[in-house]
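Rule-based calculations on the coordinates, nothing more; no lab input. Given the structure is predicted, the values throughout are model-derived calculations rather than measurements. We place every Cβ from the backbone using ideal geometry, glycine too, and count neighbours over all the protein chains shown.
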């Protein structure tokens with residue numbers, strides 16, 4: 001079962017604009033993670049936010065977490081064509097070492 | 001890529017044949033995972049391993065078996081391949097032990113399997 005659900009499923013923006021993707025989940029979590037996947041490649045870990053954190057930054061990425069609403073958002077600022085990829089959220093709801101991935105948001109950044 | 005390789009990278013096989021995919025890591029990490037990725041389903045966990053000879057099922061384990069006789073290798077076997085197992089298969093490792101709060105995963109390049 002998919003715990004994380006991303007919204008929107010697809011997003012198309014112009015270079016230089018900001019891109020926001022949202023993720024909702026169902027059960028309590030230890031952390032929430034965001035991954036990027038370029039076409040034909042494996043997933044790459046972007047950022048992890050713990051359940052006791054509300055916001056985290058990494059370069060042009062900003063992640064927020066609202067555990068009361070069971071939701072997270074990923075903001076990519078000043079987007080570039082190279083940001084074109086699919087973005088997935090993943091949640092870790094226990095101590096099993098397993099992650100549950102959402103279905104992803106496909107981002108297209110037009111030059 | 002955290003020293004993760006997958007072989008083969010592409011494979012075409014026929015229904016009913018057994019297929020084994022290999023994941024190899026060079027960093028001696030305890031946790032390894034096999035996922036499949038299909039349009040509309042995202043990534044789904046097939047099996048995972050938390051040590052040599054220690055494995056457990058994921059959410060889509062039917063029709064698959066795994067083995068881990070060495071820390072560095074995690075094998076995924078399709079016992080009798082079916083067309084529904086046509087997919088892209090990803091292996092992943094976690095650098096932290098189970099129960100850790102920071103358990104990000106690192107993925108291999110994937111194996112594209114087509115079952116005719």
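A few notes on this one:
- Distance between the 7 Å Cα→Cβ label points at residue B:27 and residue B:59: 2.5 nm.
- Gap separating the Cα centres of the stretch B:16-85 and the stretch A:1-80, nearest whole Å: 26
- Percent of beta bridges antiparallel (DSSP, the stretch A:45-111, rounded to nearest 5): 100
- Across chain B, C-alpha contacts under 8 Å between residues 6 or more apart give a mean separation that, scaled by the residue count, equals a relative contact order of 35 percent.
- Under the criterion of Cα pairs below 8 Å and six or more residues apart, the relative contact order for the stretch A:7-90 equals 38 percent.
- Among A:42, A:16, A:97, residue whose mean-square fluctuation peaks in a GNM of chain A (springs only between Cα atoms under 10 Å): A:97
- Here each label is just a point 7 Å from Cα along the line to Cβ, and for residue A:15 and residue B:5 those points are 3.6 nm apart.
- In the stretch B:5-51, Cα pairs under 8 Å separated by at least six residues give a relative contact order of 30 percent.
- Using a simple spin-label model with pseudo-atoms 7 Å out from Cα toward Cβ, residue A:57 and residue A:28 lie 3.1 nm apart.
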